[in-house]
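K.L.:
Okay, here's the structure, questions in a sec.
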Ligand code: IMP
């Protein structure tokens, strides 16, 4: 199984690291690759009982023998990159080798400035971004006003590109947002200050990864954000600015679709979302509060409370379709261990009409009301269960019903935060 994609099937924070952990029990992974997003993601890695949170670095950064790759589709804040690396080093762990694409775009401090002022300007229409400059950096990329990693090694080019990028932004900042203009030279100086440390890490990562696949190495493409946050296929405009779906892995890494062997969608046994935007199964009652509390639903990246709701099988079917999922990994089943019955959304009602599939338009999705089926619950603590057959009968039934409703086989289940708290469904 040389090329494996792990991605989020809902609105992010599904616990993608759990699927990676389970995979490492059977496969030796040689490369872990980020292909989209930036330091807006959040991975929690536990090594020898110590907890580490990374936002930009691939989760392989603490695994000896693994090469971590930040591919061309990622937007890189050099400041965040070195801050994360330094914080690992300060805590006494040696990061494994890291390779960075020469073509990846750079987030400079002005991108997060623009991100924040734009959100403020949008008022009640704001997206609820992480404020890390992700959207403005991708906007520059598409507008052909971006700075790429390779530009940091040519002062003349860098100066020209920063000037071009700031020309319009400074007019906007001063005339629309009533802010001070940003000084070109200080941005150039800031970016150049990272160049020397960055240079030895930079390579043609598309060539590196394709060569690795030719040599039958195992490459894990690690998703950030999730399907419903995809700029094309998510709940636009309440999305991130990149393509976290399986197709985005190919453009984000320079690897062709025929090379991908397995696409694993990670999905929670219920649903959460941070930021603004529609969320049909969202709960505003004590059940929502209970999911939030038992599930510890606070964002790794921003510390914001996550909105909570029941499992949405329409979203699961949609994620199966747009990603071509081969497997689902169901996380946090243990959180549901204290309900007499557990509602599962099987369809939506939109203005009086039943929709079994994702409605075609965003307006319809905003009007979608969940149609629930109620599955029998269980009260047993699942945290020590390691075999599917040892789950309470109702929990097994819950997993098997989700599998039927979601259109993809459920390969693994998470029953707690620890690395070993997983089980394989077909064991
Ligand atoms: P941005 O990616 O900072 O532009 O934020 C756009 C939207 O994506 C906001 O609703 C964020 O809360 C959401 N978002 C970005 N990254 C993550 C993530 O890693 N998990 C969950 N939501 C995210």
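K.L.:
If eta is 1.306 mPa s and T is 10 °C, what Stokes-Einstein diffusion coefficient results for the range 158-281, Kirkwood Rh from Cα pairs, in µm²/s? Intermediate results must be reported in sequence, preceding the final value.
P.N.:
Working: Rh = 18.6 Å.
Diffusion coefficient, whole number: 86 µm²/s.
K.L.:
Given the range 1-69 reduced to its alpha-carbon atoms as identical point scatterers, what log10 I(q)/I(0) does the Debye formula return at q = 0.20, 0.27, 0.28 Å⁻¹?
P.N.:
-0.88, -1.67, -1.75
K.L.:
Something else: Could you work out the mean projected area of the convex hull around the alpha carbons of the range 269-427, in square nanometres to one decimal?
P.N.:
It is 9.6 nm².
K.L.:
Helix 109-122 versus the longest principal axis of the chain: what is the Cα-based angle in degrees, 0 to 90, to the nearest 10?
P.N.:
With both axes taken from Cα atoms, the answer is about 60 degrees.
K.L.:
Looking at the range 312-400, what % of the alpha carbon pairs are farther apart than 18 Å? Kindly include the intermediate steps, with their values, before the conclusion.
P.N.:
Details: 2103 of 3916 pairs.
Above the 18 Å cut-off, the range 312-400 has 54 percent of its Cα pairs.
K.L.:
Let a ≥ b ≥ c be the square roots of the eigenvalues of the Cα gyration tensor of the range 29-169; is it rounded (a/c under 1.5), or, if not, prolate (a/b larger than b/c) or oblate? Show your work: numbers first, answer last.
P.N.:
On the way: a/c = 2.36, a/b = 1.49, b/c = 1.59.
Taking the square roots of the gyration eigenvalues as a ≥ b ≥ c, the range 29-169 is oblate.
K.L.:
With everything on Cα atoms, drop me the angle between helix 155-171 and the longest principal axis of the chain, reported from 0 to 90° to the nearest 10.
P.N.:
Compared with the principal axis, the helix lies near 70 degrees.
K.L.:
I'd like the orientation of helix 205-214 relative to the chain: the angle between its Cα long axis and the longest Cα principal axis, in ° from 0 to 90, rounded to 10.
P.N.:
For 205-214 against the chain, the angle is about 50 degrees.
K.L.:
Using only the Cα atoms of the range 141-211, what semi-axes does the equivalent ellipsoid have when each is the square root of 5 times a gyration tensor eigenvalue? Give whole Å, largest first. List each step's numbers first, then the result.
P.N.:
Working: eigenvalues 164, 43, 17 Å².
The equivalent ellipsoid of the range 141-211 has semi-axes of 29, 15, 9 Å.
K.L.:
Please state the relative contact order of the range 57-164 as a whole percent: Cα pairs under 8 Å, 6+ residues apart?
P.N.:
Working: 148 pairs, mean separation 26.5, N = 108.
This gives 25 percent for the range 57-164.
K.L.:
How are the alpha carbon pair distances in the chain distributed across 20 Å bins from zero to the largest one, expressed in percent?
P.N.:
Answer for the chain: a P(r) of 26, 56, 17, 0 percent.
K.L.:
Using only the alpha carbons of the range 48-117, what is the convex hull's orientation-averaged projected area in square nanometres? Working shown, then result.
P.N.:
On the way: hull surface 21.6 nm².
Over every viewing direction, the Cα hull of the range 48-117 projects on average to 5.4 nm².
K.L.:
Hey, fewest Cβ within 10 Å first, where do 374, 348 land in order? Could the numbers behind the result be given before it?
P.N.:
Values: 374 11, 348 23.
So the ranking, lowest neighbour count to highest, is 374, 348.
K.L.:
Could you work out the per residue convex hull volume over the alpha carbons of the range 221-346, in cubic angstrom?
P.N.:
Value for the range 221-346: 114 Å³ per residue.
K.L.:
How do 220, 152 rank when sorted from fewest to most other Cβ atoms within 10 Å of their own Cβ?
P.N.:
The order, fewest Cβ neighbours first, is 152, 220.
Every read-out reported here was derived from the displayed coordinates using simple, explicitly stated rules and does not represent laboratory data. The shown structure was predicted, so the numbers you read here are calculated from the model rather than taken from an experiment. Note: ideal-geometry Cβ built from the backbone for every residue, glycine included; neighbour counts use all protein chains shown.
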